[in-house]
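Take a look at the structure below.
Read-outs: derived from the displayed coordinates by stated rules, not from any lab. Note that the coordinates shown come from a computational prediction; the quantities given were computed from them, not determined experimentally. Don't worry about glycine lacking a Cβ; one is built from the backbone with ideal geometry, like all the others, and counts go over all protein chains shown.
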């Protein structure tokens, strides 16, 4: 069977891990002595902190910017919100973030599906169909935000500042999922961090939409938030099953 091909040792099996100093008790004291012989210059650390602070203080501009509305309707909505004392670009920025996050979420589940298909069957953890279901829901959430951005007169293809940082955040998770050496439980652990952040993001976006008077949109975002809470629960359950099975206590 295709899924039986990937056998071999598990990462929790004993092996020749030489990263700890205890694997070489003879050389360890020599290494410690060598490290202690190098003078520690406290001023150097302070200079580094000062340099970083200077970079922050003198940064010429933030990551990205918000474009003006692309339609007269969008301009009118922006003017009304500004008149009320609100800053509608914050809502649009966070919507752009969720749009980028959900787009990345579908790709993360694509990678997770490949990992499941290529891994040996264990009888625990997610099935292919389970992951397809979550992937489809991430895509629906993407389409939800896209639809409301268009309705508000915004350009959904814009990479907003928060969308930019969300993309950077996801890079580490994607690297874990696409590394052929990682296990299913390691990948589930990585994707759980994404799901938890996604849930919190929808909660905040719902609050912003409601404060902006977008009641119908807020209700739809609230439903997406509930969906993501269910994603959290399912991923946690699969991760617990797999770790307990690996530990021999399931």
What order, most packed first, do the peptides 27-37, 93-103, 214-224, 183-193 have when packing is the mean number of other Cβ atoms within 10 Å of each residue? 93-103, 183-193, 214-224, 27-37
Calculate, for residue 151 and residue 54, the FRET efficiency according to 1/(1 + (r/R0)^6) with r their C-beta to C-beta distance and R0 35 Å; round to the nearest 0.05. 0.20
Rg/Rh for the range 113-250 to two decimals, with Rh computed the Kirkwood way over all alpha-carbon pairs. 1.03
Separation of alpha-carbon centers, the range 235-250 and the range 157-217, rounded to whole Å: 24
